[in-house]
Protein chains: 2
Amino acid sequence: MILYDYWRSSSAWRVRIALHFKGIAFERRVVNLIKDGGEQHTDAFRALNPLGQVPVFVTQEKDGTRTITQSMAIIGYLEDTVPTPPLLPADPWLRARARQLAEIVNAGTQPLQNLTVLDHVQALGLDRDAWARHFIARGLAALEAASQETEAMYLVGDAPTIADLYLVPQLYNARRWKVDLAPYPTLVRVDAACGTLPAFVAAHPDAQSDARPAG
Amino acid sequence: MILYDYWRSSSAWRVRIALHFKGIAFERRVVNLIKDGGEQHTDAFRALNPLGQVPVFVTQEKDGTRTITQSMAIIGYLEDTVPTPPLLPADPWLRARARQLAEIVNAGTQPLQNLTVLDHVQALGLDRDAWARHFIARGLAALEAASQETEAMYLVGDAPTIADLYLVPQLYNARRWKVDLAPYPTLVRVDAACGTLPAFVAAHPDAQSDARPAG
């Protein structure tokens, strides 16, 4: 299995956590999103993912090599094919809540502050920092509120779920954009708890081969 | 079961299709997103969904009433609790592909052109039509390309899947914003095929009690 990846891509980071959490061996292929305008825009990479984004996951099916993009689809595939340890609770409503919290980040927050959108915002003459902060704060407020019914050691109960895989990279982005995290005590607490788990440690951007010094 | 809904919300529309497809009876409660600045901003509605968006789904669990937001989470719950007829293929990679295509809309396209974002774009002095067209065209191009491996009668094979639930409302939005659909022949063909199915007919905005005449 191959993961086309970039150390600071929050979408790819979620998949790295899932792979380490389930103990799945994978080969990491780095796509440098910054260098020379971005390797994700090459024809070779666009053939793997027309959206020009990491992650792209390559798996071996019985009839040959198959690719999957979109973090939710890749993580769903991992959950379907390697169910233990699970990233979704067994109870149907708790499963739905874990997915809901993850989607507040996946569809409600991160798409509005990813590199593609911020480049577009900047090209239109707007302040990309203000744009990013606005939508990150809005998303985290919704996530903090929606977590109150289920939060315990993690966002949904006492075992990590898919919700936590989406939280951790989003809080990292929030810190990069200097969003004030004081209004989100649950998110900050759960992020710290996740940060001690081996899968989250192994998947952290700073632990990747292509990591660059802060700055 | 209750669905907080608005006729023209593309996210709520996806859930309506799923409910009709699976033959699940539900009570529809209209949240007028336009009237008096939007009923979704009231305190009562924000208590149901802090993001102030439809759909909100209310279900009866054994220990009481439970809410779910985010179309993917609601549809996942329906698939888990009413598995037949299925909205995901049985094969793991095809399941992943159906989810991938749905997420290209859910996370890659619709969040960039929904009401909240376009209001923000307009408040910053930008052309909301040009913004919407840019991101819709980009998303549809990715969806058209990514569909080529699996398209048949529908986006993934010869039965409707979750991917088609996300396609149909997105093409409706594309037409509202006058996006040229000529580059997306697969999407246009599958949209027309879906339009003849009873579940898609029943879920269409124009069939809802709060529909308004075109214009």
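Comparing A:P160, A:P50, A:P111 in a Gaussian network model of chain A, where Cα atoms under 10 Å apart are tied by springs, the biggest mean-square fluctuation is seen for A:P50. Of the GluC sites (Glu not before Pro) found in the stretch B:128-213, the ones in coil according to DSSP and having at most 12 other Cβ atoms within 10 Å of their Cβ are B:E149. Please state the relative contact order of chain A as a whole percent: Cα pairs under 8 Å, 6+ residues apart? Relative contact order, chain A: 24 percent. A cut-off of 5 Å between modelled amide H atoms, ignoring neighbours fewer than 5 places along the same chain, links B:R28 with B:L3. Relative contact order of the stretch A:92-199, taken over Cα pairs closer than 8 Å and 6 or more residues apart, is 31 percent. Under the combined filter of DSSP loop state and at most 11 neighbouring Cβ atoms within 10 Å, the stretch A:143-188 retains these trypsin sites (Lys or Arg not before Pro): A:K178. Simple rule: put +1 on each Lys or Arg Cβ and -1 on each Asp or Glu Cβ in chain A, find the dipole, and look at A:L101, A:I34, A:A47; the Cα lying farthest toward the positive end is A:I34.
Model label sites at B:D129 and B:R46, defined 7 Å from Cα along the beta-carbon direction, differ in position by 3.3 nm.
Let me know the shape class of the protein assembly as shown, please: from the alpha-carbon gyration tensor, a ≥ b ≥ c as square roots of the eigenvalues, rounded when a/c is under 1.5, otherwise prolate if a/b is greater than b/c, or oblate. It comes out rounded by the Cα gyration axes. Of all DSSP beta bridges located in chain B, what percent are antiparallel, nearest 5? DSSP beta bridges in chain B are roughly 65 percent antiparallel. The orientation-averaged projected area of the convex hull spanned by the Cα atoms of the stretch B:71-215 comes to 9.4 nm².
No value in this document is a laboratory result; all are computed from the given coordinates. No experiment lies behind these values; they were computed from the predicted model shown. Methodologically, a virtual Cβ is constructed for each residue, glycine included, from the backbone with ideal geometry; neighbour enumeration extends over all protein chains shown.
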